[in-house]
Structure formats: C-alpha cells, structure tokens
Amino acid sequence: MAKNNGNDKSLESWIWDAACSIRGAADAPKYKDFILPLVFTKRLCDVFDDEVDRIAEKVGSRAKAFKLAARDQKLVRFYLPLEPDDPEEAVWSVIRKLSDRIGEQLTTRLRGIAKANPLLEGIIDRIDFNATTHGQRDIDDDRLSNLIEKISEKRLGLADVEPDIIGRSYEYLIRKFAEGSGQSAGEFYTPPEVGMVMAKIMDPEPGMTIYDPCCGSAGLLIKCELVMEEKNNGRKAKQAPLKLYGQEYIAGTWAMANMNMIIHDMEGKIEIGDTFRHPKFRDRGKLQTFDRVVANPMWNQNWFTEQDYDNDELDRFPQGAGFPGKQSADWGWVQHMAASLNETGRAAIVLDTGAASRGSGNAGKNKEKEVRKWFVENDLIEGVVYLPENLFYNTSAPGILLFLNKAKPKGQKDKLFLINASQVFAKGDPKNYIPEDGIARISSAFLKWKEEEKFSRIVEKAEIVNNDYNISPSRYIYTADAEEYRPIGEIVAELDALEIEAEETNTVLRAVLKKLKV
C-alpha cells in the first residue's frame, strides 16, 4: 500500500490549503463544520489502516485482518466499517472514490462510523453533507470532491504524523477559522498564547483533574496537558495523564471539542448543555469539584436573571455574593468556577477588563462590585494579569486573567499579585500576539510572585480596599513614566455601569412618586 505523505509542504499549510479548496480563504470559515469532520475522518482512516497492518503481520494478510477487526472491534481504538474492494488499498480510498451522490454517500459513511463507535456519535454524524438551503446545496458535489481530493494528498497515520503534530495542525486550522469568523470566534477559540499563560500558571501535575465549564474547542484543556508533558520532558507514557472535563453549550462546538481531544490523542469527558443553568458534572447530588479550572466564558452575558441565581440548588452563589446584576454574568461565572474547585484548587479565568473595576469609586451601590468585594474579603483571588489589546478574534478589547486559589500559602494571605502585561505583545496579522518570551515572562513572574517595576506588584488587601475593591492591574502599575490615565475601555465600562445604576435609581424613584401621587 503506497504511503505518499507529500512532505513538500508543511502539514499546517496543507491543511489550510485543503480548507481553501472549497471557495478560497475568505469563505473557508463558513465551511468549518464540513471541513473539520473530514480531516478528522482522514486521521481515523489512516490510523485504522495502521492497526489493520499490525494485525495483518500476525494473521498473514490485510483481508484476514479486516475480517478479524470486524469480528472483534476491541482490537482497534475506533472500528471503521470501510473496507476497500482491494484490501491492499487504503481505507480512505472508500471515501476518495465516491463519484456519484457524493454528499449523500459521504453522510451515510460517516454515520456508519459513528454507529460503530458510540464515542463518535453526535461528533462526526451530525453534519449532512447533502444539506440544502432554499433548494441550493450548502456544499455541492464538485466542491466536496475537490476537498476530499485535497485532503487525500497527505497520509495522517501513526507512522506519518505524531499526535502532537496533527493536533497542533488541527488547532491551527481552528485558529484560521477563528480569524475569519468575526464575533462567533469567541464561542470556540481562545488565542493559544493566552491559553499557554493560563496553563503554565496553573502548573498542572500528573493525574490532576482539570475542568472548563465553557470549553469551546477544548483548547484550554489541551494546553494544560501539553504544559504538563513539557514540564516533565515529554514523558507522556511514563506518567498519569490529566483527567480532562469540559462542558459546551453549542452542539457544533461540542463536536469540535471532542474531535480536537481525540486528534490530540487525549482522553476526556466533554458534556453538552448550559453550564450556568444546568451544570452536568455532579457528585452525589452536589457540584463536582476539581484541582484546576480554566475558562474563557463569553464576556458580559446578559442572558441570566436574578431568578437563575436564586433558584440554584448547588450552593454556587453564596450569601454576600450572588447576583452581580443582569448586565454582566462575569462574576456569576467566577462564582460557579470557585464552587467547582476542591479545597486546594486553583482557577484561571479570562474576563472583560471591566470585571476588575466596574462600580469601584461610584457613589451608589453596585452589585458587581459587591461580588468582587466578597471574593477579596474571603481571600480567594490570587492575582490578576492585564492583557494586551487586540489579542482576541471577536474583540479588540484587552481582557484580564483572573486567578483564584482556595489554599493560598501563608505568605500570600490577604495579598494579590498583579501584572500589567499591556505592553507585552508583538504585532501580528490580523491580531497582536504574546511572543514566547512574553509567555515565559508573565508566567514566571506570577509563579514566583516576582515584582518588577512597571510590570508586576504585590498589593496588600488594605490598598485594594482603599481603592474600593478595584483589582485592575492598570490601577496599581503604570507602564510608562508619563502615564497618568487609566485605559479608555475601563472608563467606558464604568460609565456604562453608572448609567445602569442611574436607570435603576430612576425606576425606583418613579415607582415611589407614582405611589405618592395616588
């Protein structure tokens, strides 16, 4: 069986060229739900081929190996009911040779694979390659044929591509889709360097449980495993892997997360559903807890009401914290994640910069500030990192990383470690990025609590209280000698909060005046 891996091009450029073969780079992101399952299936086919070859070495022929695998499917990780007419041909050739009603037949083939492998149900069988919109095929057979042919150029078997290489290439493809997806990019993708900073600061150890309640394409979970392996000199086979858990609300993104985990050769449990209202991970009727939590929830969600908090049966929203106001669920998510930590657990959470400062310094009472105050007073915040602008694909706003710690060491009690990393970036196209040395600088400083002028500070709780529970690093660390002004984004966020407070006050006042009039 010929094994031409087409090494004249890098795997990343090939995988992107394959995506662009449908209608070019500009339109490729629109077709991600068709492209990702096909690349994933190519990997499954080529690995299955390798397993058939392994069995054939013992039983004498591939024809016998196919029959044996069909009879005892436990001999292979994923059994593929795709046997070519000539058993010496590649399994992928069954798909490559489709020439009539390609969309219909491809859908049938992938559904057959899912039926044979319950772990893949809902993952590769949810897309109808023959689907139409207003009588027009979403992806016609000609384009589908071009895509299949392009994907056929490289072999993705065990001897051809290591799991970390194919995994990295798959993540690259997801990143390229994020670049062209606008606002929806935030639903499935966190910039890799942000994820690496989070994973390095989380410092996971073998066997730990890691949880992401809004996991997107599972990139943050995967990076925790990669960082642990890197820290242990890549000794994946000699140590206990991390136990990875995630929940995702959007079905297509949930499928993407599962494919991403499998193609990285990592095992985890990814549930589907609304984490905020219906968290799936429970233990004897209570919320399951974990060693680490990493997450990038959608910023400033206004979907949830005070009733959602009041009706919670899992003790996630303690008295004194609770409802942070309808305009932003950021601190609602933080409360869920704090409740999901075990007694020694730590968390890394991406939030809007306004979450660190909204309400502070205002004359009136602000619900979001009250929740933030509760976290400071209960000494659950380990630190905050202020990120550079224009990193995220769905916004140019900078964002922060909030770190929680349920068991802060004695020397860190009633203190926060703050980093202003707003200047730690390199210009990219289309987005800025944190370079490798920047990732190392931020993570090393945080792990060591190392103070550096115009970059990092240890701040006592008394100073936080004096600043009315503003925990934004930009409030405490100036990055330039002449800098006297806070970021415009923070000021705008506070003005928005003031407007909401004023409207709430006016509503109450109007109700009182109406009663007096009566």
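The values are calculated or read from the model by the stated rules, or taken from the named source; none is laboratory data. Remember, it's a predicted structure, so these values are computed and weren't measured experimentally. Don't worry about glycine lacking a Cβ; one is built from the backbone with ideal geometry, like all the others, and counts go over all protein chains shown.
Number of residues in the stretch 418-444 that are farther than 25 Å from residue 300 by Cβ and in a strand (DSSP E or B): the value is 1.
For the stretch 271-296, which residues satisfy the criterion of being more than 20 Å from residue 317 (Cβ to Cβ) and surrounded by 24 or more Cβ atoms within 10 Å (Cβ to Cβ)? Answer for the stretch 271-296, where residues must be more than 20 Å from residue 317 (Cβ to Cβ) and surrounded by 24 or more Cβ atoms within 10 Å (Cβ to Cβ): 292, 294, 296.
Listed here are the residues, each with its yes/no results for (1) within 30 Å of residue 352 (Cβ to Cβ); (2) within 19 Å of the chain's Cα centre (by Cα); (3) surrounded by fewer than 16 Cβ atoms within 10 Å (Cβ to Cβ).
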position	(1), (2), (3)
131	no, no, yes
136	no, no, yes
143	no, no, no
176	yes, yes, no
192	yes, yes, no
204	yes, yes, no
208	yes, yes, no
211	yes, yes, no
215	yes, yes, no
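Between residues in the stretch 264-290 that are assigned by TED's automatic domain parsing to the domain that holds residue 188 and farther than 30 Å from residue 157 by Cα and residues that are part of a strand (DSSP E or B) and of a type in the set (D, E, K, R), which pairs lie under 6 Å by C-beta distance while being six or more apart or on different chains? Qualifying pairs under 6 Å: 280/271; 288/282.
Can we say residue 288 is polar (S, T, N, Q) and out of contact with any Gly (no Cβ under 7 Å at 6 or more places or on another chain)? Yes, satisfied. Across the stretch 24-62, the qualifying residues are those that are in contact (Cβ under 8 Å) with a residue 40 or more places away in the chain and among the β-branched types (Val, Ile, Thr), and the one among them that is farthest from residue 148 (Cα to Cα) is 47. For residue 354, the test of being of a type in the set (Gly, Ala, Ser), in contact (Cβ under 8 Å) with a residue 24 or more places away in the chain, touching an Asp or Glu at 6+ places or on another chain (Cβ under 7 Å) and assigned to a strand (DSSP E or B) is failed.
Listed here are the residues, each with its yes/no results for (1) assigned to a loop (DSSP other than H, G, I, E, B); (2) at pLDDT 95 or above; (3) acidic (Asp, Glu); (4) surrounded by 24 or more Cβ atoms within 10 Å (Cβ to Cβ).
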| site | (1), (2), (3), (4) |
| --- | --- |
| 317 | yes, yes, no, no |
| 320 | yes, no, no, no |
| 345 | no, yes, no, no |
| 360 | yes, no, no, no |
| 364 | yes, no, no, no |
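Does at least one position in the stretch 236-247 carry a residue that is among the aliphatic types (A, V, I, L, M) and closer than 20 Å to residue 122 by Cβ? Looking for residues that are among the aliphatic types (A, V, I, L, M) and closer than 20 Å to residue 122 by Cβ, one finds at least one in the stretch 236-247, hence yes.
When residue 205 is tested against (1) in a helix (DSSP H, G or I); (2) out of contact with any Phe, Trp or Tyr (no Cβ under 8 Å at 6 or more places or on another chain), only condition (1) is not met. All conditions in (1) farther than 29 Å from residue 26 by Cβ; (2) without any contact (Cβ under 8 Å) to a residue 40 or more places away in the chain hold for residue 116, with the sole exception of (2). Filtering the stretch 10-49 to residues that are in a loop (DSSP other than H, G, I, E, B) and either over 14 Å from residue 169 (Cα atoms) or at pLDDT 95 or above (or both) leaves 21, 22, 23, 24, 25, 26, 27.
Among the conditions (1) farther than 30 Å from residue 385 by Cβ; (2) modelled with pLDDT under 95, the only one that residue 188 does not satisfy is (1).
In the set (1) loosely packed, with under 15 Cβ neighbours inside 10 Å; (2) in contact with a helix residue (DSSP H, G or I) (Cβ under 6 Å, 6 or more places away or on another chain), the condition left unmet by residue 100 is number (2). In summary, residue 223 fulfils each of the numbered conditions (1) closer than 28 Å to residue 157 by Cα; (2) surrounded by fewer than 18 Cβ atoms within 10 Å (Cβ to Cβ) with the single exception of condition (2). A count restricted to the stretch 151-189 and to residues that are closer than 24 Å to residue 295 by Cβ and assigned to a helix (DSSP H, G or I) stands at 19. For the stretch 386-394, the condition holds for at least one residue, the condition being that it is in contact (Cβ under 8 Å) with a residue 40 or more places away in the chain, part of a strand (DSSP E or B) and either of a type outside the set (Phe, Trp, Tyr) or assigned by TED's automatic domain parsing to the domain that holds residue 340 (or both). Please work out if residue 266 is aliphatic (A, V, I, L, M), more than 28 Å from residue 391 (Cα to Cα), buried (at least 18 other Cβ atoms within 10 Å of the Cβ) and in contact with a strand residue (DSSP E or B) (Cβ under 9 Å, 6 or more places away or on another chain). Considered against the rule, which asks whether it is aliphatic (A, V, I, L, M), more than 28 Å from residue 391 (Cα to Cα), buried (at least 18 other Cβ atoms within 10 Å of the Cβ) and in contact with a strand residue (DSSP E or B) (Cβ under 9 Å, 6 or more places away or on another chain), residue 266 comes out as no. For the stretch 445-472, a residue qualifies if it is under 28 Å from the mean Cα position of the chain (by Cα), under 23 Å from residue 352 (Cβ atoms) and assigned to a loop (DSSP other than H, G, I, E, B), and the qualifying residues are 455, 470, 471, 472.
I'm checking my understanding of the structure. Among residues of the stretch 395-417 that are in contact (Cβ under 8 Å) with a residue 40 or more places away in the chain and in a loop (DSSP other than H, G, I, E, B), which one is farthest from the chain's Cα centre (by Cα)? That would be 414.
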